[in-house]
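Novice: This is the structure, below, for whatever I ask next.
The values are calculated or read from the model by the stated rules, or taken from the named source; none is laboratory data. Given the structure is predicted, the values throughout are model-derived calculations rather than measurements. Note that we place each Cβ from the backbone using ideal geometry, even for glycine, and neighbour counts take in every protein chain shown.
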Amino acid sequence: MKKARSVVAFLMAAAMLATTACSQSGGGASSQGSSAAGDSSAASEASQGSGEKQDIVFWDMAWGTDVYVQRMQSDLEAMKEELPEVGNVEYVSLTWDNFLQVHLTAINSGTAPDIFTAGFGTGEVFARMGAVHYLDKIDADEELKAKYDEDTWNSRRYNGEMVQLPWMRGITFLFYRTDMFEQVGYAESPKTWDEFMDALRKVKAEYDINPLIFDLAGNQSNHLVLISLLNNGVGCCKYDSEGNVVPAMSDPENKRMLQYMVDMYQEGLVSQSLSTYKRSDLSKIYLDGQAAVFIGDLALDVAGTELEDKTGVLDVLTGPDTNEKRANTFYNGLGVFAQSECPELCEDVITYIANHSEQYFVEGMWEAWPADIETTQKAIDQSPNSFYQKGAKNIEFCTPATYPIKEVYDGWGVIDGEALLGKVAQMAMTGASSDVDEIAAYGDQLIQDAIDSQKAENQ
């Protein structure tokens, strides 16, 4: 007999959603990651062998607009023709606000969904807790694997086990008003951060606007810091002489990038009200011609408007300490929690979604890129959303956000999930401090705390 229960999801501060799942009722997650998959498989044999339909709860992050949500909901319904074992699918679209804590709360209360999507590194946090079902069935699917390059296919692993199937790539692009930049002498994209800053200053003077907009209070500020560090050939962490991962925010190269952010605020290249803006505010500001540059998330708002043809994608910028181009990239994925009573069926659902990814990307309904090679090329060649074509020039420079460390290390999921680098940006771009040494030290402390907290959980 299948089991059903009510699942509580804490949205934003404490909003609650009642859902029905095939997940087991009972306590929190297992403390042993290696045993999670085996325990889940046993539950799967019991529940899936009955021949009864299984209800599934799916928590999906807000990758795109309402159109994406509607398409996912209809696709999950159509899926039942191919997977008749699936009963009701309770689909919940979650925001990125406090998303890590939302999932941790659910795991620890025994109310986790069956299927989840999460940002790069978050699945590893759950795996350390023994909270995930490893995707052995998917990992053995050679037909699906053939659609991916090797690095992407292996990007969502913990201790060699597949934690999530790579679903999409979040690539941090900077979009800009090509006509405004041309007016101030940049007929082609700036190539360096110095040129970029020069262009912003000239646009501000020419048009009397604060040229750069983004969500300073949210995840976009996190991405701005990461992209600037990678553009300068460094990252927020590094190995020390003993091979330990340690913060790198106070390294000279990173402080030089933080100085750009201080200067942006001090010179009015960003609005002093930036921390209060919501996404709808940012969209209106750009569409009204009151800004010239935005960070990725507004691309769909611009698509189909008169500004689409006047909006381009900046080249990957290089910082003052490197000539190498690196674009900040997150490999986000689809996973299954160990609490699920039908984990292998959930793997089938994930495989179905991955095999139908074309409809999400090629039709240009969101601001992310496919994880697999095949769909990526189709999006570039066929999508009516011109930003796939415009962004294609930067694909070759995609670099994992953990660079220069290849693996997802202790603390990374917290650094990203809690947008800790965004807090650094907020300090620099609200006037809280103009001292880059102080800002960098604050960033180092946040990162060290995250690393220490993860190490403590592993002991």
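Novice: Residues that are modelled with pLDDT of 95 or more and farther than 29 Å from Asn231 by Cβ: list the helices (runs of 4 or more DSSP H) wholly contained in the stretch 333-424 that include at least 3 such residues. Break it down stepwise before answering.
Specialist: Numbers: elements: 343-355, 358-361, 373-382, 386-391, 412-417.
Fully inside the stretch 333-424 and qualifying: 343-355.
Novice: Condition first: in contact with a Gly (Cβ under 9 Å, 6 or more places away or on another chain) and not aliphatic (A, V, I, L, M). Now tell me which residues in the stretch 412-444 satisfy that. Don't jump to the end; show me each part of the working.
Specialist: Restricting attention to the stretch 412-444, the residues satisfying the condition of being in contact with a Gly (Cβ under 9 Å, 6 or more places away or on another chain) are 412-417, 419-424, 427.
Residues satisfying the conditions are Trp412, Gly413, Asp416, Gly417, Gly422, Lys423.
Novice: Looking at Thr322, Thr329, Thr351, Thr375 in this structure, which one is over 21 Å from Val86 (Cα atoms), crowded, with 19+ Cβ neighbours inside 10 Å, more than 18 Å from the chain's Cα centre (by Cα) and not aromatic (Phe, Trp, Tyr)?
Specialist: Details: Thr322 fails: crowded, with 19+ Cβ neighbours inside 10 Å; Thr329 fails: more than 18 Å from the chain's Cα centre (by Cα); Thr351 fails: over 21 Å from Val86 (Cα atoms).
Of the residues listed, the single one that is over 21 Å from Val86 (Cα atoms), crowded, with 19+ Cβ neighbours inside 10 Å, more than 18 Å from the chain's Cα centre (by Cα) and not aromatic (Phe, Trp, Tyr) is Thr375.
Novice: Next up: What are the residues in the stretch 60-95 that are charged (D, E, K, R) and over 23 Å from the mean Cα position of the chain (by Cα), if any?
Specialist: Kept after step one, since they are charged (D, E, K, R), are these residues of the stretch 60-95: 60, 66, 71, 75, 77, 80-82, 85, 90.
Glu77, Lys80, Glu81, Glu82, Glu85 - these are the residues of the stretch 60-95 that are charged (D, E, K, R) and over 23 Å from the mean Cα position of the chain (by Cα).
Novice: For Lys406, state whether it is surrounded by fewer than 21 Cβ atoms within 10 Å (Cβ to Cβ), basic (Lys, Arg) and in the same structural domain as Ser93 (by TED's automatic domain parsing).
Specialist: On the way: surrounded by fewer than 21 Cβ atoms within 10 Å (Cβ to Cβ): yes; basic (Lys, Arg): yes; in the same structural domain as Ser93 (by TED's automatic domain parsing): no.
No: the conditions fail for Lys406.
Novice: Checking the structure you have, find out if any residue of the stretch 275-292 is in the same structural domain as Ile209 (by TED's automatic domain parsing), closer than 20 Å to Gly235 by Cβ, in contact with a Leu (Cβ under 9 Å, 6 or more places away or on another chain) and buried (at least 21 other Cβ atoms within 10 Å of the Cβ). Step through it out loud before you land on a result.
Specialist: First, pick out the residues of the stretch 275-292 that are in the same structural domain as Ile209 (by TED's automatic domain parsing): 275-292.
The next check asks that each one be closer than 20 Å to Gly235 by Cβ; those that pass are none.
Within the stretch 275-292 (the criterion being in the same structural domain as Ile209 (by TED's automatic domain parsing), closer than 20 Å to Gly235 by Cβ, in contact with a Leu (Cβ under 9 Å, 6 or more places away or on another chain) and buried (at least 21 other Cβ atoms within 10 Å of the Cβ)), the answer is no, since none of the residues qualifies.
Novice: Which pairs do you get when a residue that is over 10 Å from Ala440 (Cα atoms), found in the stretch 411-429, comes within reach of a residue that is in a helix (DSSP H, G or I) and of a type in the set (Lys, Arg), reach meaning Cβ atoms under 8 angstrom, with the pair 6+ apart or on two chains?
Specialist: Sorted first by the residue in the stretch 411-429, then by its partner, the pairs are Gly411/Lys455.
Novice: Here is a further query. Give the stretch 77-107 a look and list any residue that's more than 23 Å from Asn222 (Cα to Cα), of a type in the set (A, V, I, L, M, F, W, C) and in contact (Cβ under 8 Å) with a residue 24 or more places away in the chain, or say none. Spell out how you get there, then give the answer.
Specialist: From the stretch 77-107, those more than 23 Å from Asn222 (Cα to Cα) are 77-92, 106-107; that's our starting set.
Then drop every residue that is not of a type in the set (A, V, I, L, M, F, W, C), which leaves 78-79, 83, 86, 89, 92, 106-107.
Matches in the stretch 77-107: Met79, Leu83, Val86, Val89, Val92, Ala106, Ile107.
Novice: So, one more: Report, by residue number, each residue of the stretch 201-253 that is of a type in the set (Ser, Thr, Tyr) and closer than 20 Å to Cys398 by Cα.
Specialist: Ser221, Ser228
Novice: Moving on to the next point. State all residues of the stretch 83-125 that are touching a helix residue (DSSP H, G or I) at 6+ places or on another chain (Cβ under 7 Å), under 22 Å from Thr172 (Cα atoms) and charged (D, E, K, R); if no residue qualifies, say none.
Specialist: Answer for the stretch 83-125, where residues must be touching a helix residue (DSSP H, G or I) at 6+ places or on another chain (Cβ under 7 Å), under 22 Å from Thr172 (Cα atoms) and charged (D, E, K, R): just Glu124.
Novice: Please verify whether the stretch 302-312 includes one or more residues that are of a type in the set (Ser, Thr, Tyr) and within 18 Å of Phe181 (Cα to Cα). Explain how you work it out, then say what you get.
Specialist: First, pick out the residues of the stretch 302-312 that are of a type in the set (Ser, Thr, Tyr): 305, 311.
Narrowing further to those that are within 18 Å of Phe181 (Cα to Cα): 311.
Yes, the stretch 302-312 contains at least one residue that is of a type in the set (Ser, Thr, Tyr) and within 18 Å of Phe181 (Cα to Cα).
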